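Some notes on the structure that comes next.
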Amino acid sequence: MTASILTVSGVSKTYAGGTTALSPVDLSIAKGEIFALLGPNGAGKTTLISIICGIVTPSSGTVTVGGHDVVADPKAARRMIGLVPQELSVDMFETVLATVTFSRRLFGRSGHSAYIEEVLRDLSLWDKRNAKIMELSGGMKRRVLIAKALSHEPDILFLDEPTAGVDVALRRDMWKLVHRLRAKGTTIILTTHYIEEAEEMADRVGVIDKGKLLLVEEKAALMKKLGKRTLDLALVDPLSAVPADLDQWHLTLENDGSTLRYIFDATEERTGIPSLLTRLAERGIAFKDLETSKSSLEDIFVDLVGHR
């Protein structure tokens, strides 16, 4: 087992007004891992990252980064972290090169031009190094934020909703960059509400909702759950109960018995749908319409937690 570079123990956040933004969280991230924190807007993703990065003080619990406590030894912990925030936070009148060099020096690093050049080239920013940030497109500004976060050679890179509002081409470039950074040994933690982003990049996925970390799983195991689909059959005549000889499909009745619901795994070779439809015809259970849908993130939460 690879040693943990980040350990979160019993960390929670309740604001002065009594609002709980984060329930106690326990999490351990291995060195060199790509970890995706998945959840809808307002789930607590940014609060957790802000606590780890020392921006927000936790109400309880401890966070250690490379063995350094973020509250007791904030400078040493912060030096190991690069953070790419959701919002643009740069001086629009500065050049790209000056902005990234300044960020590096803030952490006590020399203005190491060879390293900065490498970072800017990796992000396709080298040709724009003398351009003012105000002259760049939105996607290029996002790349500057990443260059700033990488400027002091951090061990952990946090990407908070890195591809929100960016085009598909930039999203693909981001994914490639993440894999390149991991190959160099950087640990990467990203927050996202895009399931395909977690699927593309992560080794493990955490699901957070309403301030609670619902689960942490290997990506493959979670993606199997994400492969579920729902088949809804609108019945001609409502049923009061699911007939016993249909038990093998684990059907449920919805909408006062007028909808027969079957949840199946779309990744399986045999979904069970043809045999189900045959059995319904044999029993004389007629339907007037059918609809299939993919599990939404909310459905997955319901499925994982086990209650609505």
Let's test the formula: R0 of 22 Å, r as the Cβ-Cβ distance of Asp237 and Ala281. What FRET efficiency results, to the nearest 0.05?
0.95
Hey, got the dipole for region 119-199? About the Cα centre, +1 on K and R Cβ, -1 on D and E Cβ, debye to the nearest 20?
400
³J(HN,Hα), Karplus 6.51/-1.76/1.60, whole Hz, each residue of region 137-151, x for Gly, Pro
6, x, x, 5, 4, 4, 5, 4, 4, 5, 4, 4, 5, 8, 4
Could you give me the ³J(HN,Hα) list for region 39-48, computed from phi with Karplus coefficients 6.51, -1.76, 1.60 and θ = phi - 60°, whole Hz, x at Gly and Pro?
x, x, 4, x, 7, x, 4, 5, 4, 4
Within region 54-184: Cβ-based charge dipole about Cα centre, in debye rounded to nearest 20 (Lys, Arg +1; Asp, Glu -1)
280
Checked against a 31 Å limit on the C-alpha separation, the offending pairs among Lys45/Lys294; Lys128/Lys212; Lys75/Lys184; Lys176/Lys228; Lys13/Lys148; Lys13/Lys219 are Lys128/Lys212
Hey, what angle do you get for helix 113-122 against the long axis of the chain, alpha-carbon based, 0 to 90 degrees rounded to 10?
20
Distance between the C-alpha centers of region 228-257 and region 51-68? Whole Å please.
49
Dipole magnitude (debye, nearest 20) for the chain, charges at Cβ of Lys, Arg, Asp, Glu
1260
Residue exposure sequence - Asp247, Asp73 - by fewest surrounding Cβ within 10 Å
Asp247, Asp73
Under 5 Å from the placed amide H of Gly211, counting only residues 5+ away or on other chains, we find Gly44
What does the charge count around Thr192 come to, taking other residues whose C-beta lies under 12 Å from its C-beta (Lys +1, Arg +1, Asp -1, Glu -1)?
-4
Taking H as built 1.01 Å from N, whose amide H comes closer than 5 Å to the amide H of Ile5, not counting residues under 5 places away?
Ile29, Ala30, Lys31
Once the dipole of the chain is set up with Lys and Arg at +1 and Asp and Glu at -1 on Cβ about the Cα centre, which of Leu125, Leu233, Tyr115 lies farthest towards its positive end?
Tyr115
Across region 180-192, in residue order, what do the Karplus-derived ³J(HN,Hα) couplings come to in whole Hz, using 6.51 cos²θ - 1.76 cosθ + 1.60 with θ = phi - 60° and x for Gly and Pro?
5, 5, 4, 4, 8, x, 6, 8, 10, 10, 10, 9, 7
Sort Tyr115, Tyr262, Tyr15 so that the residue with the fewest other Cβ atoms within 10 Å of its own Cβ comes first and the one with the most comes last.
Tyr15, Tyr115, Tyr262
Taking R0 as 22 Å, what's the FRET efficiency between Glu117 and Ala30 from their Cβ-Cβ distance, rounded to 0.05?
0.15
Out of Thr259, Val207, Ala183 - ranked by how far each Cα lies towards the positive end of the dipole of region 180-288, with unit charges on the beta-carbon of charged residues - the top one is Ala183
Can you pull the Rg over Rh of the chain, Cα-only, Kirkwood?
1.09
Estimated FRET transfer efficiency (Lys294, Ala220; beta-carbon r; R0 30 Å; 0.05):
0.95
Top positive-direction residue, dipole computed over the chain with Cβ charges, set Pro243, Ser12, Gln86
Gln86
Longest principal axis of the chain (C-alpha) makes with the long axis of helix 96-106 (C-alpha) an angle, in degrees to the nearest 10, of 80
Suppose the chain between Thr62 and His250 were pulled fully straight at 0.36 nm per residue; how much longer would it get relative to their current alpha carbon spacing?
63.3 nm
Please report Trp249, Trp126 as a ranked list, fewest other C-beta atoms within 10 angstrom at the top and most at the bottom.
Trp126, Trp249
Which net charge results when you count Lys and Arg as +1 and Asp and Glu as -1 among the other residues whose beta-carbon is under 12 Å from that of Leu239?
-1
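Readers should treat all values here as calculations from the given coordinates under stated rules, not as data from a laboratory. What you see is a predicted model; the values in this text were computed from it and never measured. Quick reminder, even Gly has a Cβ in these numbers, built from the backbone with ideal geometry, and neighbours come from all protein chains shown.
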